[in-house]
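Q: Take this structure, written in structure tokens, and hold onto it; I'll ask about it next.
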Amino acid sequence: MVSRIIPVETFDLVIFGGTGDLARRKILPGLFKRFCDGQMPVGSRIIAAARSELDLSGFQDFVVEAVEDALGTPDADQISGFVDTLDYVTIDALGEEGWADLAAKLPAFDKVRAFYFSVGPSLFEALAERLHKHGLVDTETRIVVEKPFGRDQESAKALNATLRRHFDESQIYRIDHYLGKETVQNLMAVRFGNMLFEPLWNSQYIDHIQISVAEDVGVGGRGAYYDKSGAMRDMVQNHLMQLLCLTAMEPPSFFEPDAVRDEKLKVIRALTPVEPHHIVRGQYTDSSDEVTYREDVGDPRSRTESYIALKCHVSNWRWAGTPFYLRTGKRLKARDSEINVVFKQTPHSIFGPEAGEHHNELRIQLQPDEGINLRVTIKEPGPGGMRLMDVPLDMSFAEALGEDADTPDAYERLIMDVIRGNQTLFMRDDEVEAAWAWTDPIIQGWEARHDVPKPYESFSNGPTDADLLIERDGRNWREIGR
Ligand code: BG6
């Protein structure tokens, strides 16, 4: 089998917040997997910069533990090789401590250099200033930033302005980890690599599209952050918006950063404002032994939504008349994310009314299992006339690709794209701002009306009003977790 690993150049990756939760759960285990696949050329280094007074061996122990927690016991040679690439510096993002040490570790611009800001946005300005002051960046240096990218359009613009004072847009990599998910990229492959779907991909043939991201976990230990965000800011403005863009966008002329991002931006700008009665907000409540949302966040009167369902329209020639139904929530029945493209019925049934209603449906499954499934209508087997039924043409990636189906975590792919200098799967400044421009009035409307989310039982399908939202249009949500 020919190796699919694309070599990258030697690099220095500095992770600010290198002992934080994201580094421990995602960034460091992801880098270890890339190391094992031979994607860290000799001479590449990972330098963690954080407040903790750790020495190098303390940090190395931290990394071994992080890898064990995420991936199980690693191969002894591989982990010891990986640990040799690590370095650590105690740094004060707001002061002077540690910066000279960091500068001493980066004496020359002889490798790809990237700084991962795995810290709160309030530190971005200070970090950017100090990086320049200490001569640590040149025009090729890249920085990586994480969501939340602002909490409304105004704050996102301010954050973009801060970063743009210090860096060119081509140096800024804004991560939305959904874009690194394998099936999300597959959505583009399916749409633009096959002749089969594109001619049908419009409102003439598609009845509606559902985008669902259901989680069974609650807000857990992230209550303080989450209660200030809610599902709209935490999931819809970014992850669901990206899924919507990739589903609805026009074919870009090339699979390259600005061509793809220009098309996504056009979709966001074509979204019509959402009517208040086309949105349902929910908040999880009790089930026998679980805490409620309000207990989780420690606020008995919280009005933040842990669930949202909405109907929206992309107002352009391709999509006029085809609604998009979006929903996401925590503490639902199952972890289950899927894009469902539901086609219209045939214009005339030659089989008569007894044949019933049938729709083709393309299901793009994101998690827990990745795959694509097309439902087609066939004759029910047996004698007794022409009865029709819908069956799936199934393609589970795990089955179809066998051992090659070991899908990399989104972060592995995205970090390597930073090193390669490929911004295709990262959000551009105008995209983020346009997404906020669409969500801001919705959130402001709730605030003005003192809107209270509808309660829903933990591990259910969400509030019953969300069912009504789609049933009013003569449609149904696909069932979560089936
Ligand atoms: C994060 C959100 O961006 O995505 C979390 O802040 C959410 O609230 C998570 O749980 C979901 O990511 P995934 O990859 O598990 O679907």
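Q: Name the shape class, rounded, prolate or oblate, that the alpha-carbon gyration tensor gives for segment 139-242, where a ≥ b ≥ c are the square roots of its eigenvalues, rounded holds for a/c under 1.5, and otherwise prolate holds if a/b is larger than b/c and oblate otherwise. Let's see the in-between values first.
A: Values: a/c = 2.22, a/b = 1.34, b/c = 1.65.
Cα axes put segment 139-242 in the oblate bin.
Q: I've got another one for you. In deg cm²/dmol and to the nearest 500, what is the mean residue ellipticity at 222 nm of the chain if only DSSP H runs of at least 4 residues count, each as -39500 (n - 2.57), divided by the residue total? Numbers along the way, then the final one.
A: Values: 15 runs with 157 residues, N = 482.
It comes out at -9500 deg cm²/dmol, rounded to the nearest 500.
Q: Do the alpha carbons of any pairs in K26/K344; K228/K264; K228/K344; K264/K454 sit beyond 29 Å of each other, and which pairs?
A: Over 29 Å Cα-Cα: K26/K344; K228/K344; K264/K454.
Q: Go through L54, L388 and list them by solvent-accessible area, largest first, probe radius 1.4 Å.
A: Numbers: L54 60, L388 35 Å².
Result of the area sort, largest leading: L54, L388.
Q: A follow-up question, please. Would you please classify the overall shape of segment 23-103 from the alpha carbon gyration tensor, given that a ≥ b ≥ c denote the square roots of the eigenvalues, rounded means a/c under 1.5, and beyond that prolate means a/b larger than b/c while oblate covers the rest? Intermediate results must be reported in sequence, preceding the final value.
A: Details: a/c = 2.30, a/b = 1.73, b/c = 1.33.
It comes out prolate by the Cα gyration axes.
Q: Can you return the aspartates and glutamates within cross-link range of K33? Criterion is Cα-Cα under 14 Å, with same-chain partners fewer than 8 residues away left out.
A: E68, D69, D75, D77, D406, D409, E412
Q: Over the chain, with the other protein chains present, what is the accessible area per residue in square angstrom, probe 1.4 angstrom?
A: On the way: 21620 Å² over 482 residues.
Accessible area per residue, the chain: 45 Å².
Q: In segment 331-400, carbon and sulfur make up what percent of the accessible area (probe 1.4 Å)? Intermediate values should be presented prior to the final figure.
A: Numbers: 2280 of 3960 Å².
Here carbon and sulfur together make up 58 percent of the probe-accessible area.
Q: Also, I was wondering about something else. By DSSP, what percent of the beta bridges with both residues in the chain are antiparallel, rounded to the nearest 5? Display every interim value, and only then the final one.
A: On the way: 41 of 75 bridges.
Of those bridges, close to 55 percent are antiparallel.
Q: At a 1.4 Å probe radius, which order do T304, T346, T377 fall into by accessible area, largest first? It would help to have the intermediate numbers written out before the result.
A: On the way: T304 20, T346 95, T377 55 Å².
Largest accessible area first, the list is T346, T377, T304.
Q: Run the numbers for D152 and E447: contour at 0.36 nm per residue of separation, minus the present Cα-Cα distance, in nm. Before the final figure, lay out the partial values.
A: Working: separation 295, 0.36 × 295 = 106.20 nm, distance 1.34 nm.
Extra length from D152 to E447 when fully extended: 104.9 nm.
Q: Loop only by DSSP, 13 or fewer other Cβ within 10 Å of the Cβ. Give me the GluC sites (Glu not before Pro) in segment 7-88 that pass, ordered by residue number.
A: E9, E53
Q: Normalised radius of gyration for the chain, please: alpha carbon Rg relative to 2.2 N^0.38 Å, two decimal places.
A: Numbers: Rg = 24.0 Å, N = 482, 2.2 N^0.38 = 23.0 Å.
My calculation over the Cα atoms of the chain gives 1.04.
Q: Summing Lys, Arg as +1 and Asp, Glu as -1, what charge do residues with Cβ under 11 Å from the Cβ of M386 carry, M386 excluded?
A: Working: positive: K379, R387; negative: E354, E380.
Around M386, the charge tally is 0.
Q: Could you work out what % of the accessible surface of segment 102-173 is carbon and sulfur, using a 1.4 angstrom probe and leaving DNA, RNA and ligands out of the count?
A: Values: 1570 of 3080 Å².
With neighbouring chains kept in place, the figure for segment 102-173 is 51 percent.
Q: Follow-up. Kindly identify segment 11-146 as rounded, prolate or oblate by the Cα gyration tensor criterion: order the square roots of the eigenvalues as a ≥ b ≥ c, call it rounded if a/c is under 1.5, otherwise compare a/b with b/c, prolate if a/b is larger, else oblate. Intermediate results must be reported in sequence, preceding the final value.
A: Numbers: a/c = 1.82, a/b = 1.48, b/c = 1.23.
Prolate, since a/c reaches 1.5 and a/b exceeds b/c.
Q: Using the charge dipole of the chain (Lys, Arg: +1 at Cβ; Asp, Glu: -1 at Cβ; taken about the Cα centre), state which of V67, G382, Q204 has its Cα farthest towards the positive end.
A: So the residue furthest toward the plus end is Q204.
Q: Testing the spin-label approximation: label points 7 Å from Cα along Cα→Cβ at E65 and S315. State their distance in nm.
A: Result: 5.5 nm between the two label points.
The values are calculated or read from the model by the stated rules, or taken from the named source; none is laboratory data. Values in this document were obtained by computation on a predicted structure and should not be read as measured data. Please note: Cβ atoms are built from the backbone with ideal geometry, for glycine as well, and neighbour counts cover all protein chains shown. All accessible areas refer to the heavy atoms of the entire protein, side chains included, with ligands and DNA or RNA removed. Shrake-Rupley method; radii C 1.70, N 1.55, O 1.52, S 1.80 Å.
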